[in-house]
Amino acid sequence: MTSKELYEITVLSRGGQGGILGNKLLGKIAFVDGFKDIIAIPIIGAERRGAPIRAYLRISEQKLRRIDAVKEPDYYLILDETLLSYDYILSEIKDTTVIINTENGCSYKFPPGVIAYEVPATRIAIDLDLEVAGQPIVNVAMIGAFAKATGLIKLESIKKVVVDYFGAKGELNYEASAKAFELTREVKQDE
Amino acid sequence: MTDEKQETLIITGNEASAWGARRSKAHVVTAFPITPQTTVMETISEFVDSGKMQCNFVKVESEHSVMAGMVGASMTGARCFTATSGQGLLYMAEMVHWVSGSRLPVVTTIASRGIAPPWNIWVDYSDILSMRDSGWIIQFASTHQEIFDSILMSYKLAEDPRVMLPVFIAYGGFSQSHTSKPVVIPSQKAVDDYLPPVPDDGWPHLVLNPEKPIVHGNLLMPQQEYMEFRYKMHETIHGAKPIIKEVIADFHEKFGRNYHGLIESYRCDDAKYILVTVGALGEQVKDAVDTLRSEGKKVGSIKIRYFRPFPKEDLVEILGSKNLEGIVVVDRSIAYGSPTGGHISSEFSNILSELPSSLTYLPAVWGLGGRDVTVGDQESVFNDLINLHEENEIKETSNSYINGTLWVNLKVR
Amino acid sequence: MNKSKKQDLKKEDLPSFEDYRDLPHIPVSIGVKGSMGNTGEWRTFRPVINLSACNKCGFCYIYCPEGTIKFDKETGPMVDYIYCKGCGVCARECPKDAITMRRETEQVCENDEDD
Ligand code: SF4
Ligand code: SF4
């Protein structure tokens, strides 16, 4: 773990993928892991299934007073690769780390200075039958990828929180995050 | 989560509100959904459904009935709780006055939102401030913990026989109602030790008892004491100031969390410039103060916690300091046609006569309808104030200075 | 002529407040008969019930805004003239036209049956 006191994260998803819940769970996990304060900020409007959704998370070693939107996140957690087809989203990604759900290699190019990780979270969810209303739920798998890419949270804390939160379905969610942890890898930008 | 031990939960502001009702053992909750309050009532209904909270959870057909239900239930001596937002609060406005005029100690949380039209569901305190003169005590909760803690403190305050007035606790729609933060939920026993049960035989002034029928809500003729009853309420709400401080001190002793008083000041001791505001942005602005202090600017901030009663004496005490050169008072609400455009800044003008006349006074408005106010925006307001004081004009800013009021990030060509 | 006896509450019996500090939190009335005083004094017309035309439906008892009509299923309605203010609502609502409003200056018998 680095010595930074504050980490800011932007979670991008589509309505129905569990991005807002995933953001809150990630905050819970960071708190369980010993961060002093967190704030999970869902940006809620008139969204519905499929619409691009955004949520912010701050995790901190200090008490947090801010409630404003995260403008320059340390990490992007992108639950759906197709969100990068929006220019306004792709263009905001600079000098940061992105963790992206993709199966066949991310087809979008980031500017230099961006560190990218990829994880086949949708594939993991489908393989594990982790679905709600026919849609694969990738949020907890993405948290596993976040753990691997950042080293900020531990797998056992993910387990504790998701089992506590989902009850019976928690084990399956945890399995998804452990699998994602295993499969997350850094993308070589010049590949 | 059990009731036996203290735990820290990561919960939304609305969940913190529901927990406040649960730990206060509210007997009656009336419910009607409205965004962004709805999840307060959803959470309470889950508590009731799972048997974790014993209360009469009454679903009614409108906000008017929500507050009418509070009147009837509270008259029996029950501890009563509800929550609403924006348009819902406006719809219950008539009954809001019935609660205060009947001197009933109801506690209501407001997840504040912009008033329609055009529709808006995000933080804006114009809803709660439209209840400015309703005779309710009006408090702003600036953190999630404060939402929960304030409910406990508010029952203690409202049910004090010297007060017997209802309390509104307002916090930001979405910005607080739907964001999640750690909140310490004390054990039920700890809360019971702090907040005693309601009296067995009802409130001292009013109780419904079929054995002893009374008529309440009487007509008072002009020559009768209508005016005296009104003055008495005004005096009582002002007289609540020391009682609010007692309640806060008692809470501090019991739970170790200090809410300071009617206002909370931050780095004001040697400050030359002070920003005054309410709510969560009053907490966030401390980050802006720290940044500007590190640049050598002597700034501080004040968070107004209680708007009714208006903390005039507390403000004068801090702002009367000889070091002070400028004050900016920022509203997250709009008071159309008022002297400044903001509720608090307009009202604040009344205390200027008690402050040194050399002071620069800048009213400002930010973040209406949930528009994001960043720490950077808050720094810009301080810089504009310093600019105005030193140069007598505001230059190079993203804010608009129009007719004496600073409109933060207003789109102007 | 008004036959009602002057009785019940006098002005001195009603609480009076010289100082707002002596007031309770809110005004509350306890159920005292004639809390508005002897409203019978207000009357210029008085309702007279012809019991032989009355079917004992009880409408007058229900409609009287002052609650000054006593009602008994056997004997029918009876007006309490100490408090009846003479508004005439009972006469208007009576489906049998059994109630007539008579001038106070007229000598009439209460519940005049052979009117
Ligand atoms: S005249 Fe009016 S007050 Fe008198 S009995 Fe009839 S309804 Fe009642
Ligand atoms: S309303 Fe007329 S008919 Fe009915 S009880 Fe009264 S007097 Fe008799």
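The values are calculated or read from the model by the stated rules, or taken from the named source; none is laboratory data. All values reported here derive from a predicted model rather than from experimental measurement. Methodologically, a virtual Cβ is constructed for each residue, glycine included, from the backbone with ideal geometry; neighbour enumeration extends over all protein chains shown. Surface areas here come from the heavy atoms of the whole protein model, side chains and all, with no ligands, DNA or RNA. Shrake-Rupley method; radii C 1.70, N 1.55, O 1.52, S 1.80 Å.
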Practice task
Would you work out which of B:296, B:265, B:284 lies farthest towards the positive end of the dipole of the range B:261-310, given +1 charges on the beta-carbon of Lys and Arg and -1 on that of Asp and Glu, about the Cα centre?
Solution key: B:265
Handout entry: Relative contact order for the range B:240-367, counting Cα pairs under 8 Å that sit 6 or more residues apart, in percent
Key = 24
Problem - Summed side-chain charge close to residue A:154 - residues other than residue A:154 whose Cβ falls under 14 Å, Lys, Arg +1, Asp, Glu -1 - result: +2
Problem - Ranking by accessible area, most exposed first, for B:98, C:42 with a 1.4 Å probe - result: C:42, B:98
Exercise for the section: Taking amide H positions as placed in the peptide plane 1.01 Å from N, state which residues far from residue B:308 in sequence (5 or more) or on other chains have amide H under 5 Å from it. Expected result: B:138
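Which shape class applies to the protein assembly as shown: rounded if a/c is under 1.5, otherwise prolate when a/b exceeds b/c and oblate if not, where a ≥ b ≥ c are the square roots of the Cα gyration tensor eigenvalues?
Values: a/c = 2.69, a/b = 1.86, b/c = 1.45.
Note, shape of the protein assembly as shown comes out prolate.
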Fill in the blank from the handout: Given unit charges at Cβ for Lys, Arg (+) and Asp, Glu (-), the dipole magnitude of the protein assembly as shown about its Cα centre in debye, nearest 20, is 240
Completion exercise
Quick shape check on the range B:275-409: root eigenvalues a ≥ b ≥ c of the Cα gyration tensor, a/c under 1.5 is rounded, otherwise prolate if a/b tops b/c, else oblate, and it reads rounded
Handout entry: residue C:33-residue C:71 FRET efficiency (beta carbon distance; Förster radius 22 Å; 0.05 resolution)
Key = 0.85
Exercise for the section: Rounded, prolate or oblate: pick one for the range A:51-159, where a ≥ b ≥ c are the square roots of the eigenvalues of its C-alpha gyration tensor, a/c under 1.5 means rounded, and failing that, prolate if a/b is larger than b/c, else oblate. Expected result: oblate
Problem - Residue with peak Gaussian network fluctuation, chain B [Cα springs, cutoff 10 Å], from B:79, B:23, B:230 - result: B:230
Fill in the blank from the handout: By accessible area (1.4 Å), largest first, C:59, A:146 order as C:59, A:146
Handout entry: Per-residue [θ]222 nm for chain B (sum of -39500 (n - 2.57) over DSSP H runs n ≥ 4, rounded to 500)
Key = -11500 deg cm²/dmol
Completion exercise
With the 8 Å Cα cutoff and a minimum separation of six or more residues, chain A has a relative contact order in percent of 21
Exercise for the section: Counting only C-alpha contacts under 8 Å and six or more residues apart, can you give the relative contact order of chain B as a whole percent? Expected result: 15
Exercise for the section: Report the accessible area of residue A:94, computed with a 1.4 Å probe over the heavy atoms of all protein chains in place, in Å² rounded to the nearest 10. Expected result: 120
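Calculate the translational D of the range B:83-158 in whole µm² s⁻¹ from Stokes-Einstein, where the hydrodynamic radius comes from the Kirkwood formula applied to all Cα pairs, the temperature is 25 °C and the viscosity 0.890 mPa s.
Calculated translational D: 189 µm²/s.
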Completion exercise
Of the accessible area of the range A:6-186, computed with a 1.4 Å probe and all protein chains kept, carbon and sulfur make up a percent value of 52
Exercise for the section: Please calculate how many Å² of accessible area the protein assembly as shown carries per residue, with a 1.4 Å probe and no DNA, RNA or ligand atoms counted. Expected result: 45
Fill in the blank from the handout: In this structure, among A:160/B:303; A:36/B:241; A:28/A:71; B:25/B:303; A:71/A:148, pairs with alpha-carbon gaps over 26 Å are A:160/B:303; A:36/B:241; B:25/B:303
Practice task
Could you check which residue among A:74, A:164, A:37 shows the biggest mean-square fluctuation in a GNM of chain A with a 10 Å Cα cutoff?
Solution key: A:164
Handout entry: Fraction of accessible area attributable to carbon and sulfur, the range B:211-345 (%, probe 1.4 Å)
Key = 51
Completion exercise
With Cα springs under 10 Å, the Gaussian network model of chain B assigns the largest mean-square fluctuation among B:223, B:87, B:176 to B:223
Practice task
Note down the nm distance, to one decimal, between modelled labels 7 Å out along Cα→Cβ at residue A:86 and at residue B:267.
Solution key: 3.6
Fill in the blank from the handout: Each label sits 7 Å from Cα toward the beta-carbon; between residue B:316 and residue B:223 the label points are separated, in nm, by 3.9
